[in-house]
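Here is the structure we will look at, set down as structure tokens.
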Amino acid sequence: MTDPGPIGSHVLATGHRTLAWAVDEIVRQLSPSQLSKLKVGSGEHLAAIITTAFLHVAPEEVDFSGGTDLLFRIPHGTRQKNSMEPYGVNGDGRAAFEVKSLPGGFREFNARAKPGDQHGAVITSVNNVLQQARPQIEHARAQLLRKTEEGTSRNIFLVVHLLEHPTVECLQEYIIAHHLDPLDDVQDLDSIWVLWVPGHLTLWSARNNLWTNLIFDATNPGENLYVEMLTILQDVEAEYLARVGNTKGSPYVFGLTVGPNDSHDPGTARS
């Protein structure tokens, strides 16, 4: 389809401190056993942090024995104060999420890499990535239909790693939702969130039949978001991992460097 450009595209933004608040809420509300169920390698902890930031409440439950990955119950007062329309949350405020991570080679490489090892990937487009993700989307949709009651908002959170699926749009632009083709053929869902780690987040709303850019690093003038080459999400993730006692690290905390004296140097990744 013809790219309409960013003019007219939709944006929902929250201040970057909301992510730190979300970490506080998750650690406060969830038990250590619940926190241990959030799989770092699959990015489930990132999904929990981001959804908490935008839904203004921590998940009530995480999957222990066949439930949905994340289950929220959003209080009536919170829904009155903050519009939940893009997320399809209504009724008694129940919102269920299945979290899926698009497969790729970097995380396996990162787990066994030695100094000097290199990982390669082919730059593609965001729409090609979504086409590759169709099996994960369909699997998550089937799980939600099986696991949730009628009236519960059904949502998918898809995690895409930059070093596994680098896209030209994410490498070049801040706003990317206008590039994405509609997902109006995916039935029985309220929303599909796509986190393009580490800096982009998009939301498909079935109710509104459109893609929205979700901005989670809004700042005040003069604020600096980057700490030792990390984005705000990576910095907050590092804080979360420290808070829950994770000492194994995360494949999502990485940096990119480019050789300053060689325009042909493809750069290296640091995790």
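The values are calculated or read from the model by the stated rules, or taken from the named source; none is laboratory data. The structure presented is a predicted model; accordingly, all values stated were derived computationally and were not measured. FYI the Cβ positions are ideal-geometry reconstructions off the backbone, even for glycines, and counts take in every protein chain you see. Only protein heavy atoms, including side chains, enter the accessible area calculation; ligands, DNA and RNA are left aside. Shrake-Rupley method; radii C 1.70, N 1.55, O 1.52, S 1.80 Å.
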Condition met for Ser31 (modelled with pLDDT of 90 or more, over 20 Å from Val253 (Cα atoms), open to solvent by 30 Å² or more (accessible area, probe 1.4 Å) and not basic (Lys, Arg)): yes
Some residue of the stretch 165-180 being closer than 24 Å to Val62 by Cβ and touching a residue at least 24 places away in the same chain (Cβ under 8 Å): no
The lone exception for Leu130 - which of (1) open to solvent by less than 10 Å² (accessible area, probe 1.4 Å); (2) at pLDDT 95 or above; (3) in contact with a strand residue (DSSP E or B) (Cβ under 7 Å, 6 or more places away or on another chain) it fails: (3)
Hits in the stretch 49-70 - residues which are among the small types (Gly, Ala, Ser) and either touching a residue at least 40 places away in the same chain (Cβ under 8 Å) or more than 10 Å from Ala22 (Cβ to Cβ) (or both): Ala53, Ser65, Gly66, Gly67
Residue in the stretch 63-78 that is farthest from Ser33 (Cα to Cα), counting only those that are outside any loop (DSSP other than H, G, I, E, B) and open to solvent by less than 10 Å² (accessible area, probe 1.4 Å): Phe72
Any hit, the stretch 48-56, residues being open to solvent by 30 Å² or more (accessible area, probe 1.4 Å), modelled with pLDDT of 95 or more and assigned to a loop (DSSP other than H, G, I, E, B): yes
Some residue of the stretch 240-255 being in a helix (DSSP H, G or I) and either modelled with pLDDT under 85 or open to solvent by 20 Å² or more (accessible area, probe 1.4 Å) (or both): yes
Any chance Val89 is part of a loop (DSSP other than H, G, I, E, B), touching a residue at least 24 places away in the same chain (Cβ under 8 Å) and hydrophobic (A, V, I, L, M, F, W, C): yes
Tally of residues being in a strand (DSSP E or B) and either of a type in the set (Asp, Glu) or open to solvent by 20 Å² or more (accessible area, probe 1.4 Å) (or both) across the stretch 176-210: 2
